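So the structure is just underneath, and the comments pick up after that.
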Amino acid sequence: MIHEILPVGVLQCNCSIFGDEESREGLVVDPGDNVSDVLEIVRRHGLKVKAIVITHAHIDHIGGAQKLKQATGAPVYMNQNDIELQQMLDMQAAWLGMKPPEQVAIDATAKDGDRLVVGTTEVNVLHTPGHTQGSISLWMPSEGKLVAGDTLFRDSIGRTDLPGGDGRQILQSIHEKLLPLPPETVVIPGHGENTTIGREKRFNPFLQ
Ligand SMILES: [Zn+2]
């Protein structure tokens with residue numbers, strides 16, 4: 001499957017663009033900003049974006065969603081527990097000294113156990129609250145990949161000091177939902193370098 005990772009915006013959120021080589025169906029995760037660059041990748045691969053998934057409603061992950069939705073017509077998926085946070089987008093922009101982005105209407109809720117299919121690839125929604133109440137991770141078994149949003153990072157975990165954060169809950173999410181995945185699973189975090197489940201199990205100082 002086609003997979004490009006594009007760090008977007010001032011906080012360099014990892015936006016993932018997935019595409020099925022046969023059907024040319026595409027999936028974009030966390031279009032936080034730089035939508036014209038995201039669209040260029042989509043066009044270069046001749047993809048038709050089938051869904052836009054937001055791992056959580058922080059501005060650096062959701063900021064470009066409305067522009068991308070307008071350009072592609074694709075529905076936006078997000079967990080409903082982050083609706084409240086999404087309504088605070090202007091405040092989030094003010095914290096960062098940014099211009100508030102356009103609000104996006106959520107078309108479908110992404111809840112634990114939901115499954116999207118891109119071409120023939122299954123994308124499973126895991127609800128992994130703690131960084132925010134509506135944080136989700138996407139598990140793609142046939143690709144051996146996990147898009148972890150801001151829940152799990154290489155050598156770190158998501159911060160829990162922002163509204164909706166819960167330090168005990170994020171550890172519970174990681175231990176119950178993510179660490180049981182196969183150790184060779186490639187983790188694409190919301191920021192920074194990729195890692196694997198096995199590596200984080202062994203070396204992540206927050207999980208020992
Ligand atoms: Zn975040």
Inset, instruction - Please work out the average accessible area per residue across the chain, using the 1.4 Å probe convention, and give it in Å². - result: 44 Å²
Legend entry - J(HN,Hα) series, the range 85-101, from Karplus relation 6.51 cos²θ - 1.76 cosθ + 1.60, nearest Hz, glycine and proline x: 5, 5, 5, 9, 4, 5, 5, 4, 5, 4, 4, 8, x, 10, 6, x, x
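Can you order the peptides 116-124, 9-17 by their average number of other Cβ atoms within 10 Å per residue, highest first?
Values: 116-124: 17.1, 9-17: 20.8.
Packing order, densest peptide first, comes out as 9-17, 116-124.
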Legend entry - Distance from the range 86-158 to the range 182-204 (C-alpha centre basis), Å: 17 Å
Inset, instruction - Please list, or write none, the lysines whose alpha carbon is within less than 18 Å of the alpha carbon of residue 69, excluding same-chain residues fewer than 8 places away. - result: 48, 50
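Can you tell me the FRET efficiency between residue 120 and residue 70 if r is taken as the Cβ-Cβ distance and R0 is 45 Å, rounded to the nearest 0.05?
Values: r = 28 Å, r/R0 = 0.63.
Here the calculated transfer efficiency is 0.95.
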Inset, instruction - Can you figure out the FRET efficiency of residue 45 with residue 112, using R₀ = 35 Å and their beta-carbon distance, to the nearest 0.05? - result: 0.70
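Could you sort the peptides 49-57, 76-84, 98-106 by per-residue average Cβ neighbour count (10 Å cutoff), highest mean leading? Show your work: numbers first, answer last.
Details: 49-57: 26.1, 76-84: 20.4, 98-106: 15.2.
Those peptides, ordered most packed to least, come out 49-57, 76-84, 98-106.
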Inset, instruction - Could you tell me which of rounded, prolate or oblate describes the range 102-188, using a ≥ b ≥ c as the square roots of the eigenvalues of the alpha-carbon gyration tensor, with rounded for a/c under 1.5 and, failing that, prolate when a/b is larger than b/c and oblate otherwise? - result: oblate
Legend entry - HN-Hα J in Hz across the range 134-150 - Karplus 6.51, -1.76, 1.60, θ = phi - 60°, x for Gly and Pro: x, 5, 10, 10, 10, 10, 10, x, 6, 9, x, 10, 10, 8, 9, x, 9
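Please give the contour-minus-distance gain from residue 175 to residue 80: 0.36 nm per residue of separation, less the Cα-Cα distance, rounded to one decimal in nm. It would help to have the intermediate numbers written out before the result.
Details: separation 95, 0.36 × 95 = 34.20 nm, distance 2.26 nm.
Gain in length upon complete extension: 31.9 nm.
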Inset, instruction - Divide by every residue of the chain the summed helix terms, -39500 (n - 2.57) for each DSSP H run of at least 4, and state the resulting mean residue ellipticity at 222 nm, rounded to the nearest 500 deg cm²/dmol. - result: -5500 deg cm²/dmol
Inset, instruction - Could you grab the Rg to Rh ratio for the chain? Cα atoms only, Kirkwood for Rh. - result: 0.94
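The values are calculated or read from the model by the stated rules, or taken from the named source; none is laboratory data. Quantities reported herein were computed from a predicted structural model and do not represent experimental measurements. In this analysis, Cβ positions are derived from the backbone assuming ideal geometry, glycine residues included, and neighbour counts consider all displayed protein chains. These area figures cover heavy atoms from the full protein model, side chains too; ligands, DNA and RNA do not enter into them. Shrake-Rupley method; radii C 1.70, N 1.55, O 1.52, S 1.80 Å.
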